[in-house]
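K.L.:
Just dropping this structure here.
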């Protein structure tokens, strides 16, 4: 079992390197968004974290990590100072490769002390590192997307996006009952997925598709961003303070036609594709607008994350993986939660101001595409490839 996991870890290293080598030294260390570190810092952080757990925690050797903790432990350095502190890109990438090659040898030539450590039971550490790095790969994709938003690439000709004048959703019904949510697999699960949680759910239905670009344009064309009535007080304050008029990754050309900015440039908006780049406030404003504009949708809402997970477990939840899908509930600990392998992965975010998201985006890696995986962000965040799916009671 170790060899296949080591292969995945190596592939994860290669994916990180492939994102990094796209940039020159200046872009490598530039902070493109207040919530995101420079891309180069993520590369070094992954190498540091891998070395910290393998060498310092498991083998008791801090000769590599002790002098780097000031730079790569997030609590030790604020984001704006991280980029300027990095070595030149070529030197940094070579160091990263050398260290990860050494770490590979640690796994391949594991000592008794290494293999018998608690953190290596059932290959936990390999699962943990693969998933840690995978999450940073998606964050690096966010950095690249934010870089393009600052460049503002253009299209030669923008085909106008047509709004959906007849918004129509097909729903799949799910019978209520007693269910288990959370992961039964400790080696793969993060602490917030544990322990498996027994819950009771009333019957519900979920839309077969996430909300689309065309539907979002209809909301915009009906002055959805200008009508306070659709918004919560906090959402309205956020939208007005930041002059929000459209999803984050949309951009208008000189003819005021919208197109989409992506990691490597720009492309036309596909009417039926899931809208991306909207936050929890925007998602709920859209829902309030839809309720008031159609008797058919007068009871729509965001799904609870338990509903989302139960639906996905059934194998009948379709069209996932386009965007992270906002859920209505706060991110919270399951009964019996215990922080592992360190306190700060989940515990600080049980603050009633983070909301759960499920599913994954097109940039989410395979290692964290599972029904029980829980993402979590503040309600104002929209740089995270996020959209929404409608839910209704039955």
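K.L.:
May I ask you to list pairs of residues, at least six apart or on different chains, whose Cβ atoms are under 6 Å apart, with the first in segment 254-269 being under 18 Å from residue 216 (Cα atoms) and the second being modelled with pLDDT under 95 and in a loop (DSSP other than H, G, I, E, B)?
P.N.:
257/158; 257/160; 258/161; 259/155; 259/158; 268/159; 269/161
K.L.:
Name the one entry in 76, 108, 123, 103 that is in the same structural domain as residue 12 (by TED's automatic domain parsing) and on the phi > 0 side of the Ramachandran plot.
P.N.:
123
K.L.:
Among the listed residues 78, 57, identify the single one that is in contact (Cβ under 8 Å) with a residue 40 or more places away in the chain, farther than 15 Å from residue 28 by Cα and within 30 Å of the chain's Cα centre (by Cα).
P.N.:
57
K.L.:
Which residue, of 239, 294, 205, is in contact with a helix residue (DSSP H, G or I) (Cβ under 8 Å, 6 or more places away or on another chain) and either crowded, with 19+ Cβ neighbours inside 10 Å or within 28 Å of residue 160 (Cα to Cα) (or both)?
P.N.:
It is 239.
K.L.:
Could you go through segment 33-43 and let me know if any residue there is more than 16 Å from residue 82 (Cα to Cα) and not in a loop (DSSP other than H, G, I, E, B).
P.N.:
No, segment 33-43 contains no residue that is more than 16 Å from residue 82 (Cα to Cα) and not in a loop (DSSP other than H, G, I, E, B).
K.L.:
Name the single residue, out of those in segment 219-236 being out of contact with any helix residue (DSSP H, G or I) (no Cβ under 9 Å at 6 or more places or on another chain) and in contact (Cβ under 8 Å) with a residue 24 or more places away in the chain, that is farthest from residue 301 (Cα to Cα).
P.N.:
Checking each candidate, the answer is 221.
K.L.:
On to the next question. Check off (1) in contact with a helix residue (DSSP H, G or I) (Cβ under 7 Å, 6 or more places away or on another chain); (2) surrounded by fewer than 17 Cβ atoms within 10 Å (Cβ to Cβ) for residue 83 and give me the number that stays unchecked.
P.N.:
(2)
K.L.:
Looking at segment 129-167, which of the residues that are in contact with a helix residue (DSSP H, G or I) (Cβ under 8 Å, 6 or more places away or on another chain) and not in a helix (DSSP H, G or I) is surrounded by the fewest Cβ atoms within 10 Å (Cβ to Cβ)?
P.N.:
Residue satisfying both the conditions and the ranking: 165.
The values are calculated or read from the model by the stated rules, or taken from the named source; none is laboratory data. Since the model is a prediction, treat every value here as computed from it, not as a measurement. Neighbour counts run over all protein chains shown; Cβ positions are idealised from the backbone, glycine included.
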